[in-house]
1. Does residue 346 qualify as being of a type in the set (Gly, Ala, Ser), open to solvent by less than 40 Å² (accessible area, probe 1.4 Å) and touching a Leu at 6+ places or on another chain (Cβ under 7 Å)?
2. Could you tell me how many of the residues in region 311-334 are within 22 Å of residue 420 (Cα to Cα) and surrounded by fewer than 22 Cβ atoms within 10 Å (Cβ to Cβ)?
3. Which condition does residue 103 not pass, out of (1) of a type outside the set (Phe, Trp, Tyr); (2) closer than 26 Å to residue 237 by Cβ; (3) open to solvent by 10 Å² or more (accessible area, probe 1.4 Å); (4) free of Cβ contacts under 8 Å to residues at least 40 places away in the same chain, if it passes all the others?
4. Look at region 442-472 and say how many of its residues are open to solvent by 10 Å² or more (accessible area, probe 1.4 Å) and either within 11 Å of the chain's Cα centre (by Cα) or under 14 Å from residue 339 (Cα atoms) (or both).
5. Somewhere in region 371-384, is a residue modelled with pLDDT of 80 or more and within 30 Å of residue 106 (Cα to Cα)?
6. Would you confirm whether any residue within region 496-512 is under 30 Å from residue 3 (Cβ atoms), open to solvent by 50 Å² or more (accessible area, probe 1.4 Å) and touching a helix residue (DSSP H, G or I) at 6+ places or on another chain (Cβ under 7 Å)?
7. Can you find a residue that is closer than 27 Å to residue 295 by Cα and in a loop (DSSP other than H, G, I, E, B) anywhere in region 238-248?
8. Criterion first (open to solvent by 10 Å² or more (accessible area, probe 1.4 Å) and within 28 Å of residue 368 (Cβ to Cβ)) does residue 423 satisfy it?
Amino acid sequence: MAFGILNDKHLTNVPGTGLLSDLGIVHGAQMTITEATHLKHGTGRDAHIILIPQPSDDPRDPLNWPRWRKEALFWTLAFAASLDGALSPLASAGYVLLSQQFRVSVDEVTSSFGAILLGLGCFMLFQGALAAKFGHRIVYLGSVSLMFISCIWCAASPNLASIRASRVFQGFGMSALQSLTATTIEQIFFVHERGIRTVIWSFAILAGITLGPLICSYVVENISWQMGFWLVSIPLGIGVILVLFFMPETTYQRAQGLEQSNTTSADEKQTSKDSTVEILSLEQQSLSPPRWTSQLKIYNGTFSDENLFKIFLRPFPFLLSPVTVFLFLVHGMQTVWLSLVPLCSSTIFTLEYGFTASQIGLTNLGGLVGILLGMMVSGPLIDHGVVWMSKRNGGVYEPEFRLLFMSSMLFGLFGYVGWAVGNDHHMPWIGAVACIAMLNFSMIISGSAAVTYLLDTHGPNALHCLTISNFSKNMVLYGTTFFANGMVLNRGVRTSLLILGGCHGFCWLFSIPMYIFGKRVRSYIARNPKLFAARGT
């Protein structure tokens, strides 16, 4: 029992548990674990870290790519993710102004622009299947291109019906950058590198959510809401070019080992295995690292012989995975509560402080401060923290170590409750902005920990869990756009914020049993391969 994590009663070696460091701390003294000497390690200051997963000897393996290629791909994804985040709430600061312009209710404007969530949620179910069949590159390129085209369409829309249709297609384009990115991180980075990458990805999306409405609020107030979308289409066009040149295909089919007949003797098995390994080694030695230009093909063929419809059905059995339920509650629903703040900010700050659109946009600076603080804290803490705990656990890594960082959700709870109580006491606007900072601080740390835990637990199948979670989250969020602002108007700011705080606190409580029983959950997943081992991923 390591740090309160219950051991499993069924399996001796539970998948996910493994050596992360060849150093162990015994009675305060550092000891080298000799069993790990034959495994591949990191380099430099990470030389004591055992690489999980173990890379192959093939230079085409994304885990073996040169650092510059990995960084170019990742930062292209981060740039595109920031634009993805900006699109959803882009015009939210001007919803009250737009309701007056179109002569409809604020909720009708919100639901029209919120149609992006409908497209986002629905297409997530399809883009995962497309990525498994045709690879990640073509899906990313198609997604960013669709975001670019539909952004121009939205800017040229004359009415709410056209806006609603264009936003659905924007959602189609956004889906890959909110779910596929996690599996791309899993494909090119090792376990001890994933925490900071997940934090940066979350930061990029949340920074877009924060800065998009802030900048657009001035454009809405002084020019027009359409100009905001025209301006965003410029970096989206740049994003299409970056994806085209700096995002090669990351799907790589690893050898899963040799399947031997039960009638084969142990010596014959070993001889056959040695021969095969020798042949593979000779083949890999003849391979040279792929040229950059050779990886610019848009279409790279198929990566699965399975029927596309069967691939589409893969995620649904993962509804039975406790990790999927956990991810939906602590990451998906936390995103819903947080997303409701910018959706309702126009109503809240107009009611309480009489703010203009540009002033409402400036309140997003609080979110940006929270995101930056969260990134500064969690970036080095999540990855180095689990290495530190592994060393004190005899060098053994447990994925549940990451769940200790879910305690950051308490900052979000204090943010909602503090804002509600402060609002009743006529708290100045800076207090409300500070509460928004706490909400984003909570999200950046706990969200990154939850997604990284998913990658460690389900590995290549993490996309299926993330697809189900994100689909459910976006459907819930889209549903709330029809009544969220009306709830604030009818029930008041205080009651609305307390409801959000209560929901947030309930979701946080779910992380406690997940930490304690997480190892047994992983054992349950491993013992039910027909459900949780999708083939051809």
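The values are calculated or read from the model by the stated rules, or taken from the named source; none is laboratory data. Note that this is a predicted model, so its numbers are computed, not measured. Please note: Cβ atoms are built from the backbone with ideal geometry, for glycine as well, and neighbour counts cover all protein chains shown. Note: areas computed on protein heavy atoms with side chains; ligands, DNA, RNA excluded. Shrake-Rupley method; radii C 1.70, N 1.55, O 1.52, S 1.80 Å.
1. Numbers: of a type in the set (Gly, Ala, Ser): yes; open to solvent by less than 40 Å² (accessible area, probe 1.4 Å): yes; touching a Leu at 6+ places or on another chain (Cβ under 7 Å): no.
So residue 346 fails the test.
2. First, the residues of region 311-334 that are within 22 Å of residue 420 (Cα to Cα): 330, 333-334.
Checking the rest, the ones that are also surrounded by fewer than 22 Cβ atoms within 10 Å (Cβ to Cβ) come to 333.
Residues meeting the conditions: 1.
3. (2)
4. So the count comes out to 2.
5. Yes, that holds for at least one residue.
6. Here is the first cut: in region 496-512, the residues under 30 Å from residue 3 (Cβ atoms) are 501-512.
Checking the rest, the ones that are also open to solvent by 50 Å² or more (accessible area, probe 1.4 Å) come to 506, 508-510, 512.
Narrowing further to those that are touching a helix residue (DSSP H, G or I) at 6+ places or on another chain (Cβ under 7 Å): 508, 510.
Yes, region 496-512 contains at least one residue that is under 30 Å from residue 3 (Cβ atoms), open to solvent by 50 Å² or more (accessible area, probe 1.4 Å) and touching a helix residue (DSSP H, G or I) at 6+ places or on another chain (Cβ under 7 Å).
7. Yes, the conditions are met somewhere in region 238-248.
8. Values: open to solvent by 10 Å² or more (accessible area, probe 1.4 Å): yes; within 28 Å of residue 368 (Cβ to Cβ): yes.
Against the criterion (open to solvent by 10 Å² or more (accessible area, probe 1.4 Å) and within 28 Å of residue 368 (Cβ to Cβ)), residue 423 qualifies.
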